[in-house]
Amino acid sequence: MKSNGRGQGGSTHEHHRYHAESTSPPLSVALAAIPLAHLFIQQLAAQSGEAIAPFGAACANAIGLTNQVPVHSVYWTSGRTRSYKLGKLTVYLQHVPDWQLVLWCEPAGELVRALAWAVPADANKVLRQIAAKVPEAAIHELQQHASVFPPWLQDALQQIGQPRVPSNS
């Protein structure tokens, strides 16, 4: 049964409530439902025309920037914030600014979302970690879209393209 999204308001407080829930399905049930959720999200994106992609923490985990495994099935969307029930699994869609969904259906989009997950003060450090893990072409693809990113991410992308000066620390 899917939610119609009415009365949810899409506030960030609602998003934090999801992480505070203590009644989540056993891990085996949640893992078994992941392919179903992924297929559902693909179909929803195709039917609605929305950009829908895994949220930043999931991308950061997939890239190896964190070992924290997301407990909930959360996706970022260009559409409204809402949730859907797929059996025992609830899939949460959270509206985010457009820049966080740049390249949403491309591998480099995962890098954008992982960077969005990082706090702006850590952008340079996180981008260096990402650059060490991905092909140089992926970083160049991000740099080609820099004009749509916030200033802190534009600065980090500009600095990553400059030769590094060895530090003594």
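Where a number appears in this text, it was derived from the coordinates with a stated rule and is not lab data. The structure displayed is predicted, hence computed values, not measured ones. Here the Cβ positions follow ideal geometry from the backbone for every residue, glycine too, while neighbour counts run over all protein chains shown.
Ser83's amide H: which non-local residues (gap 5+, or another chain) put their own amide H closer than 5 Å, with H modeled 1.01 Å from N in plane and none for Pro or chain starts?
Ser3, Gly5, Leu93
Kindly put Arg113, Arg82, Arg128 in sequence by how many other C-beta atoms sit within 10 Å of each C-beta, fewest to most.
Arg128, Arg82, Arg113
Under a point spin-label approximation (7 Å from Cα along Cα-to-Cβ), what is the Gln154-Glu136 distance to one decimal in nm?
Roughly 2.5 nm, to one decimal.
Cut-off is 10 Å between beta-carbons; in what order do Leu142, Leu103, Leu86 appear when sorted fewest neighbours first?
Numbers: Leu142 24, Leu103 19, Leu86 16.
If I rank by nearby Cβ atoms, fewest first, I get Leu86, Leu103, Leu142.
Once both labels are modelled 7 Å past Cα along the beta-carbon direction, what's the His145-Lys88 spacing in nm?
Here the modelled spin labels are 3.6 nm apart.
How would you rank Cys105, Cys59, going from fewest to most other Cβ atoms within 10 Å of each one's own Cβ? Working shown, then result.
Working: Cys105 11, Cys59 23.
Sorted ascending by nearby Cβ count, the order is Cys105, Cys59.
Once phi is turned into θ = phi - 60°, what whole-Hz ³J(HN,Hα) does the Karplus curve with 6.51, -1.76 and 1.60 give for every residue of the stretch 87-94, x standing for Gly and Pro?
For the stretch 87-94, the Karplus-derived couplings read x, 8, 9, 9, 9, 9, 10, 10 Hz, x marking Gly and Pro.
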